[in-house]
Amino acid sequence: MSRIVEYTCIICPSGCLLRVEAEENRVVKVEGAGCPRGVEYAKQEFSDPMRIVFTVVRVRNGELPTVSVKTTRPIPKNKVFNLMKMLASIELEAPVEIGEIIVGDAYGAEVVATRRVGRREPVAG
Amino acid sequence: MIEQKYDVIIIGGGPAGLSAAAKAVENGLKTLLLENREMLGGIPFQCVHTGFGIHCFKEDLTGGEFIARLIDRAVEKGVETMVKTHVLKIQVYSALEKTVYAASPKGFLKIQAKAIIYAAGARERHQYEIGLAGDRPDGVYTAGEAQALMDVYGVLPGKKIVIIGSGDVGLIMARRLAMERAEVKAVIEVLPYPGGLTRNIVQCLNDFNIPLYLSHMVREVKGSERVEKVIVTRVGEDMKPDGSFEFELECDTVIVSAGLKPDVDILEKIGVETDPATGGPVVNEFYETSVPLVFTAGNALVVNDLVDYDVEQGEAAATHALKLLGDYLSPRLEWRRVERGRNIRLIVPQLVSGSKDVVFYSRVQYPEDNVRLTIRETGFEKRFFKVKPAEMIRIMIPAEELAKARRGKITFEVVR
Ligand SMILES: Cc1cc2nc3c(=O)[nH]c(=O)nc-3n(C[C@H](O)[C@H](O)[C@H](O)COP(=O)(O)OP(=O)(O)OC[C@H]3O[C@@H](n4cnc5c(N)ncnc54)[C@H](O)[C@@H]3O)c2cc1C
Ligand code: SF4
């Protein structure tokens, strides 16, 4: 039995409408992709949807009380909230630099800082 | 009081202002950048999501990563900046003499410049502007306020949220709040189609099962101290309640994401002509306003959805400033007025000479498929598979084409 599923590609702003034809649990055809990345996305979305995670983590003694972070690659969608929970329990010590690794292994990705947070000090000027 | 003289003062340290400043210094202009907040960076500074810099860095960066690059570039070039410096007003004495008044921790500043690049961004439309009726309890925020609260200061604005407006900003906020385990009850959109990109409907709403109500409006906010609920009602084609369907949503927070409008109060006070279509100033192809050597760029000129355009406009403004400072005595060009025809909501610049290639930024009024963007007077046309209000059209028209329009105007329109 073959079945058709539709997705909107979220890789770039074009947002192509992808028609996926699947047999059993295998993708046999992807239509509508404006580029090869869309085909990859459709296959992934069908078998194991993945998402990049962005959020903020608390910072102690920083110019700001938070630093923004992201996963360096998409992680399984059903693990997103587990990771969010783990990140909510972390508190970093300022300074934090962009690209600094916050979590080394988060479901196959790294969590890195995406904002620079200097240490809170009486700054002149 | 400090008295100093610059070639150019740039007002606003977001993407447009930072890019303008770096370019102005590179062009050899004595430059000063003034920023109101305690940090440079404008909107991207507080955006945790990716989607920034796809054109200008050929990478998909988060707001923070993107803006750090622009800040580093400005620092490398040696841009002189002052933060926590709020520009209050400009005074124009003559074409080459202007004074900028600002409040800063060092006191009240009075700084002189020949030219000004105004890059102060856009202002969010707030609840009063969208006619939100009812009580005035706590818990009503604009999207930008909620974003800064959560992603800069680490405070969740509420637990049960209703979002008004389905533009990309509203959708992105819905996802952020859902990720933080707030219960996003609904996104309410008065138009019959979503304002944002389809990919954002998918990854911001569908991923979290957040309902989107099109052709609906929040008629009333109820609550004595804190928001308690909103009343949502269906609207007809005239965007007025048609009385057919109404329901209540219990919530403690309402986030208004009803669009941005260029913030031009300071410019209006010096008599800058504004365009009702963009809400920003009327500018010529040099991004110069009706006041000589006062330029604008970025969201203060036109609300951009891609930061790359703010950067491009900022750099262009700095290059134009150099050029016009050089030949401010030469006779003024004769301008052809850019007119809006069928399905063109807005377009900048509004004045062109026909002697220079011009990049136009435009938005349509409503979505259409398989159309052509045309210039009525010259016969120019370009095919578009799809046009939508959410996606700005950027198009370069060569000088020769513009020069073909002999009469004093150039009309852009979308035709089938
Ligand atoms: C929620 C949200 C998400 C977005 N996501 C994306 C995205 O994914 N990708 C993308 O490409 N674009 C995105 N954008 C668009 C992009 O952020 C904007 O187009 C861009 O920031 C505009 O740059 P700007 O420099 O004109 O204005 P702003 O970034 O608003 O900067 C203006 C600066 O001027 C300062 N200022 C204002 N008034 C004064 C004054 N009187 N004196 C001194 N300083 C003053 C302000 O403090 C501010 O720092 C997003 C926008 C929003 C709101
Ligand atoms: S298929 Fe390619 S072009 Fe279409 S949205 Fe996906 S990445 Fe963009």
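The values are calculated or read from the model by the stated rules, or taken from the named source; none is laboratory data. Keep in mind that this is a model prediction, so the values were computed, not measured. Every residue, glycine among them, receives a Cβ derived from its backbone with ideal geometry; neighbour counts consider all protein chains shown. Quick note on the areas: whole protein, heavy atoms, side chains included, nothing else; ligands and nucleic acids left out. Shrake-Rupley method; radii C 1.70, N 1.55, O 1.52, S 1.80 Å.
Side notes on the structure shown:
- Each of B:Val162, B:Val218, B:Pro44 was placed along the dipole of the protein assembly as shown (beta-carbon charges, centred on the mean Cα), and the one lying farthest toward the positive end is B:Pro44.
- Within the full protein context, the accessible area of B:Ile231 is estimated at about 10 Å² for a probe radius of 1.4 Å.
- Overall form of the range B:334-416 per C-alpha gyration tensor (a/c, 1.5; a/b vs b/c): prolate
- Across the protein assembly as shown the C-alpha pair distances fall into 10 Å bins from zero in the proportions 3, 16, 25, 27, 19, 7, 1, 0, 0 percent.
- The orientation-averaged projected area of the convex hull spanned by the Cα atoms of chain A comes to 9.8 nm².
- For the protein assembly as shown, a crude dipole built from +1 on the beta carbon of Lys and Arg and -1 on the beta carbon of Asp and Glu, taken about the Cα centre, is about 600 debye to the nearest 20.
- The Cα trace of the range A:54-113 gives Rg and Dmax of 11.1, 34 Å, the first to one decimal, the second as a whole number.
- The equivalent ellipsoid that matches the C-alpha gyration tensor of chain B spans semi-axes of 37, 28, 19 angstrom, in descending order.
- For the range B:25-103 versus the range A:79-125, the gap between their alpha-carbon centres in whole angstrom: 25 Å
- Spatially, the range B:367-391 and the range B:209-272 are offset by 31 Å when compared through their Cα centroids.
- Dipole of the protein assembly as shown computed with +1 at Lys/Arg Cβ and -1 at Asp/Glu Cβ about the Cα centre; of A:Ile102, A:Asn25, B:Leu306, farthest Cα towards the positive end is B:Leu306.
- Two-site label geometry, A:Thr72 and A:Glu110: point separation in nm, points 7 Å out along Cα→Cβ: 0.3 nm
- Area of B:His49 that stays accessible when all protein chains are in place (1.4 Å probe, Å², to 10): 20 Å²
- Exposed chymotrypsin sites (Phe, Trp or Tyr not before Pro) absent: longest stretch of chain B, with sites in DSSP loops and at most 15 other Cβ within 10 Å deemed exposed: B:154-327
- Exceeding the 24 Å Cα-Cα cut-off - candidates B:Lys269/B:Lys323; B:Lys30/B:Lys323; B:Lys159/B:Lys261: B:Lys269/B:Lys323; B:Lys159/B:Lys261
- Taken about its Cα centre, the range A:2-47 carries a charge dipole of roughly 60 debye when the Cβ of each Lys and Arg holds +1 and the Cβ of each Asp and Glu holds -1.
- List B:His216, B:His55, ordered by accessible area with a 1.4 Å probe, largest first: B:His55, B:His216
- Chain B - percent relative contact order, Cα under 8 Å, separation 6 or more: 15 percent
- Full extension of the chain between B:Lys386 and B:Ala399 yields a length gain of 2.1 nm, computed as 0.36 nm times the residue separation minus the alpha carbon distance.
- Low-density loop cleavage sites - GluC sites (Glu not before Pro) in the range B:273-349, where at most 12 other Cβ are within 10 Å (DSSP): B:Glu334
- Computed over the range B:1-58, the convex hull of the alpha-carbon atoms projects to a mean area of 5.2 nm².
- Kirkwood Rh, angstrom, the range B:135-254 [1 / mean 1/r, Cα pairs]: 14.3 Å
- B:Val218, A:Val5, ranked by accessible area, largest first (probe 1.4 Å): A:Val5, B:Val218
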